[in-house]
Amino acid sequence: MTRREWLLSALFVAFVGLKVVEGVLAIESWPLSHVPMFAQYQGLDRLPVTDSIHARRGDAWLVLRPWQLGLNQAELNRQLLGDPDPGVPCGTLLRELNARRRPFLRFTAAYVERRTYARPHTGESDLVERFPCPLAAEDTR
Amino acid sequence: MSARAAPGGLGARAVAAWRRRWFPEASLADLAIARVLLAATVLYLNGSLRFFNVARAPAHTWEPIPLAAVLGMTQPDAATVALLLEATRWSLIAAALGLCTNAALLCAFVLQLVLEGLLNCFGKVTHSTIPLLHAMLFFALAPSGRAWSVDALLRRWWRARAGGASALTPPARSRFARWPFELLFLELAFYYFDAGLSKLTASGLAWADGATLQFSLVKHGGVVAAAIAPHLWLCALLSAAALVFELGFPLAIVVRRLRPYFLAAGVAFHLGNHVLLDLIFWPVLAVYPLVVPWSSLVAWWRGPGRRFALRRTPA
């Protein structure tokens, strides 16, 4: 084996070792990952939930896209879905957004629409709830 | 695995097997093709608005990953992100052209590592670009610029000036042209295997009973998802197939003949995820052409493949 082959062989062994450690120890610290997407069991009693932000500018109500808040869908879900009252984190996000916008572009009211989906064949229908987002600092908890 | 192992002994045989696996003579053209494909893929990836939000994201959502914390990185402003992107772009263009190839690829890898790291500082881990990042490192350490590159042209010109006509022919093969493909395939195999293992350790075999997939299908909606979700048996079948694919992928590391089948299954797997769950994992799919030995494929097509195709063509 040449010196170069030894060095590269050490790289291969280290790389494989790293991959094994990632998987076995379930490391999730980017760029290390054990790729756990969708790994959690969701029994039939668990109901899927989605949140969407509706905001008013002028007379029009708009559904805000995550990118408008500077986030992607997963990051927005992380902000809202874990909270029993998603209106609170939504208010924080929108106040930050409003602070960066010119007055005529600011949102004057907003709410989170939380939809809890019924599983098929249960005979139940989706549950839709609304949580107001406090846009003025004095409205916050 | 020692060069001084007794000839014919177990050590010598192990070394020989290791060298046959990792360092066989292979086409430098394959490396060149992979280099251009890789650079083009990352250029396309960075051309999107992926990094647009890094500077715009609300400050309170900034949660630096350990790597960013160690490097003392803070949320950058838009100008810094634009500068990083521009530097990455030019490094990738140089790598694609084969100009100072290894340095350009290494530079692009470091810059991309920083950019992707920034993207991961908002509480969610981005999994889809990890294999592509590793590919950049592997090809940066390989003789990727020895063929079809400005480097190769310059080298030939320099040798022609210094030596005779024999120096004009560049080497078409190298013992170091195969390992990046092997290591990248290993990366893919572990990527899928880890995903399968995560499911088993978090949920056990119950993960494949259909309830978990049904949950995701109901949540993500879509016409096809809505059609499949009510049929729990179909959800169970698809879940089991996904688990078999993910956990079985490492088989193709050892049994090379299985590789085309697992790669084809991978394409079906990702397209299925896209249609059913609106999950776009195209940067992982973009790694597939990088593990294909194109010269072997061409040789196969000129030989048995062509004969097979001609036999099947009706007169």
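The values are calculated or read from the model by the stated rules, or taken from the named source; none is laboratory data. For clarity, every value in this text was computed on a predicted model and none was experimentally measured. Don't worry about glycine lacking a Cβ; one is built from the backbone with ideal geometry, like all the others, and counts go over all protein chains shown.
Mind listing whichever residues of the stretch A:15-32 are free of Cβ contacts under 8 Å to residues at least 12 places away in the same chain and either more than 7 Å from chain B (Cβ to nearest Cβ) or of a type in the set (G, A, S) (or both)?
The initial filter retains those residues of the stretch A:15-32 that are free of Cβ contacts under 8 Å to residues at least 12 places away in the same chain, namely A:15-17, A:19-21, A:23-31.
Hits for the stretch A:15-32 are A:G17, A:V20, A:V21, A:G23, A:V24, A:L25, A:A26, A:I27, A:S29.
Residue by residue through the stretch A:1-39, note down the ones that are among the polar types (S, T, N, Q) and crowded, with 16+ Cβ neighbours inside 10 Å. Full working, then the answer.
Taking the stretch A:1-39 as the starting set, the residues that turn out to be among the polar types (S, T, N, Q) are A:2, A:9, A:29, A:33.
The answer is A:S9, A:S33.
Which of the following residues is in a helix (DSSP H, G or I), assigned by TED's automatic domain parsing to the domain that holds B:D209 and farther than 22 Å from A:R119 by Cβ: B:L238, B:L243, B:L234, B:L258? Break it down into steps so the answer makes sense when it comes.
Working: B:L238 fails: farther than 22 Å from A:R119 by Cβ; B:L243 fails: farther than 22 Å from A:R119 by Cβ; B:L234 fails: farther than 22 Å from A:R119 by Cβ.
One residue alone meets the criteria, B:L258.
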Residues of the stretch A:87-141 being of a type in the set (S, T, N, Q) and modelled with pLDDT of 90 or more, in sequence order, are A:T92, A:N98, A:T108, A:T116, A:S125
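To keep it simple, each residue is scored yes or no on (1) exposed (fewer than 15 other Cβ atoms within 10 Å of the Cβ); (2) under 21 Å from the mean Cα position of the chain (by Cα); (3) more than 14 Å from every other protein chain (Cβ to nearest Cβ).
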| position | (1), (2), (3) |
| --- | --- |
| A:G91 | no, yes, no |
| A:L94 | no, yes, no |
| A:L97 | no, yes, no |
| A:R101 | yes, no, no |
| A:R106 | no, no, yes |
| A:V112 | no, yes, yes |
| A:T116 | yes, yes, no |
| A:G123 | yes, no, no |
| A:V128 | yes, yes, yes |
Look through the stretch A:33-85, keep the residues that are in a strand (DSSP E or B) and facing chain B (nearest Cβ under 9 Å), and return whichever of them is nearest to B:R50 (Cα to Cα). A:S33
So, B:F262, is that one crowded, with 20+ Cβ neighbours inside 10 Å, at the interface with another protein chain (Cβ under 8 Å from one of its Cβ atoms), on the phi < 0 side of the Ramachandran plot and not charged (D, E, K, R) or not? no
Please find, among B:L99, B:L119, the residue that is among the hydrophobic types (A, V, I, L, M, F, W, C) and at pLDDT 95 or above. B:L99
Selection within the stretch B:47-73 - in contact with a helix residue (DSSP H, G or I) (Cβ under 8 Å, 6 or more places away or on another chain) and among the aromatic types (F, W, Y): B:F51, B:F52
Per the list (1) over 18 Å from the mean Cα position of the chain (by Cα); (2) within 27 Å of A:S125 (Cα to Cα); (3) free of Cβ contacts under 8 Å to residues at least 24 places away in the same chain, residue check on A:A74 breaks on (1)
Leading residue by the ranking (farthest from B:P180 (Cα to Cα)) among those in the stretch B:266-275 that are in contact with a helix residue (DSSP H, G or I) (Cβ under 6 Å, 6 or more places away or on another chain) and either β-branched (V, I, T) or surrounded by fewer than 19 Cβ atoms within 10 Å (Cβ to Cβ) (or both): B:V275
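Kindly establish whether B:L92 is surrounded by fewer than 20 Cβ atoms within 10 Å (Cβ to Cβ), in a helix (DSSP H, G or I) and in the same structural domain as B:T129 (by TED's automatic domain parsing). Give the derivation first.
Working: surrounded by fewer than 20 Cβ atoms within 10 Å (Cβ to Cβ): no; in a helix (DSSP H, G or I): yes; in the same structural domain as B:T129 (by TED's automatic domain parsing): yes.
For B:L92, the condition - surrounded by fewer than 20 Cβ atoms within 10 Å (Cβ to Cβ), in a helix (DSSP H, G or I) and in the same structural domain as B:T129 (by TED's automatic domain parsing) - is not met.
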Sort out for me the helices (runs of 4 or more DSSP H) sitting completely within the stretch B:103-212 that have 3 or more residues that are over 18 Å from the mean Cα position of the chain (by Cα). B:150-162, B:179-203
Output the number of residues of the stretch B:4-23 satisfying the condition of being in a helix (DSSP H, G or I) and at pLDDT below 85. 0
